[in-house]
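Below you'll find the structure, written out as structure tokens, and then a few comments.
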Amino acid sequence: MTALRFASLGSGSRGNATLIEKNNTRILIDCGFGVKDTRARLARLGLELEQLDGVLVTHEHGDHIGGVGRIARASGMPVFCTAGTHLTGRLGDVPDLRLISSHRKLAIGDLEIEPVPVPHDAKEPVQYVVGDGQQRIGILTDLGSITPHIRHCYQHCGALILETNHDPMMLQHGPYPPKLKRRVAGNFGHLSNEQARVLLAELLHDKLQHVVAAHISDKNNTFDLARAALQPVLNVPADEIPAIDQEEGLGWFSLKAWN
Ligand SMILES: [Zn+2]
Ligand SMILES: [Zn+2]
């Protein structure tokens, strides 16, 4: 038995992919990178594409789905997504499609996966809580607001990969056109640093081992602002809060067993 662990191939508006491993089971959540790029990013984490057991899609935006069809065709791995995501046609042909319910848990090898519907401007978007029966990792990006169901599902996670997309002042004064600013800030857009801080304060518990800032906008936010928002809740030095880099991703984080 090895510890449940996670890493990221990258996060941000130019591509997202989260890697989760338990024993010999390895899955990706989303893949916004092409085949060659995905292989290179996996190699940094000591893995090859052929070692993955599947890719779960959150929604059809290009930064999440852009590479999914391509890596599935290159490797033959199964693709899991909601019917709404599939109906957009953005996946293209994939060799092994598995449609999932946004309200039903599923298992892939040694991993248990709970899809959670989220308010985002896509057809049937979900995020995922992934566990090994003991520990759970909550991945929560690409949502404009928090629902009671989200609050419920993300309780008691040992790790949270949490969207800190934008600073509202930077967004307001930044380069985006007005329509896009309204979209990002809206209820079906992305979580601001402040929204992430409030949610984290609600979800905080003494067995939460890792909190990672994710999907940080390179136009409307800075790593320092994202970390500064979470710092008062976590009560650790801000520069010790991990944040996922678009290019560098994030190295492996393991979850210690609770006893
Ligand atoms: Zn996104
Ligand atoms: Zn999105």
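Grab the other residues whose beta carbon is less than 12 angstrom from that of Lys219, score K and R as +1, D and E as -1, and report the net.
Details: positive: Arg14, Lys181; negative: Asp167, Asp218.
Neighbour charge sum, excluding Lys219 itself: 0.
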Simple spin-label model, 7 Å along Cα-to-Cβ: Ala83 to Thr2 in nm? 3.7
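Which value at 222 nm does the chain reach when only helices count, each DSSP H run of 4 or more adding -39,500 (n - 2.57), with the total divided by all residues and rounded to the nearest 500 deg cm²/dmol? Working shown, then result.
Numbers: 9 runs with 70 residues, N = 259.
When only DSSP H runs of four or more count, the value is -7000 deg cm²/dmol.
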Taking the Cα centre of the chain as origin, sum charge times position over the Cβ atoms of Lys and Arg (+1) and Asp and Glu (-1), and report the length of that vector in debye to the nearest 20. 380
Distance-filtered residues of segment 115-148 - backbone nitrogen under 19 Å, label point 7 angstrom along Val198 Cα→Cβ: 118-121, 140-148
Gaussian network model of the chain, springs between alpha carbon atoms under 10 Å - residue of Thr58, Thr141, Thr222 with greatest fluctuation: Thr222
GNM flexibility winner over the chain from Gly186, Gly158, Gly69 (Cα, springs under 10 Å): Gly186
Could you please state, rounded to a whole Å, how far the C-alpha centre of segment 1-25 is from the C-alpha centre of segment 209-259? 15
Restricting things to alpha carbons, tell me how big the chain is in terms of Rg and Dmax, in Å. 16.9, 51
Among beta bridges that DSSP assigns inside the chain, antiparallel share in %, nearest 5: 55
Taking the alpha-carbon centre of each part, the distance from segment 27-77 to segment 162-182 in Å is 28
Farthest toward positive dipole pole in the chain [+1 Lys/Arg, -1 Asp/Glu at C-beta], among Ser254, Ile241, His173: His173
Looking at this model, which pairs from Lys22/Lys105; Lys36/Lys105; Lys105/Lys256; Lys123/Lys181; Lys123/Lys207; Lys179/Lys219 are more than 26 angstrom apart at the alpha-carbon? Lys36/Lys105; Lys123/Lys207
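List the relative contact order of segment 5-243 as a percent without decimals, with contacts defined as Cα pairs under 8 Å and 6+ residues apart. Before the final figure, lay out each step's value.
Numbers: 537 pairs, mean separation 33.4, N = 239.
Contact order relative to length: 14 percent.
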Residue with peak Gaussian network fluctuation, the chain [Cα springs, cutoff 10 Å], from Asn220, Asn24, Asn235: Asn235
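Since every read-out is calculated from the coordinates, none of them should be taken as a lab result. Everything numeric here is computed off the predicted structure, so don't read it as measured data. Cβ coordinates were reconstructed from backbone atoms using ideal geometry, including for glycine residues, and neighbour counts include every protein chain displayed.
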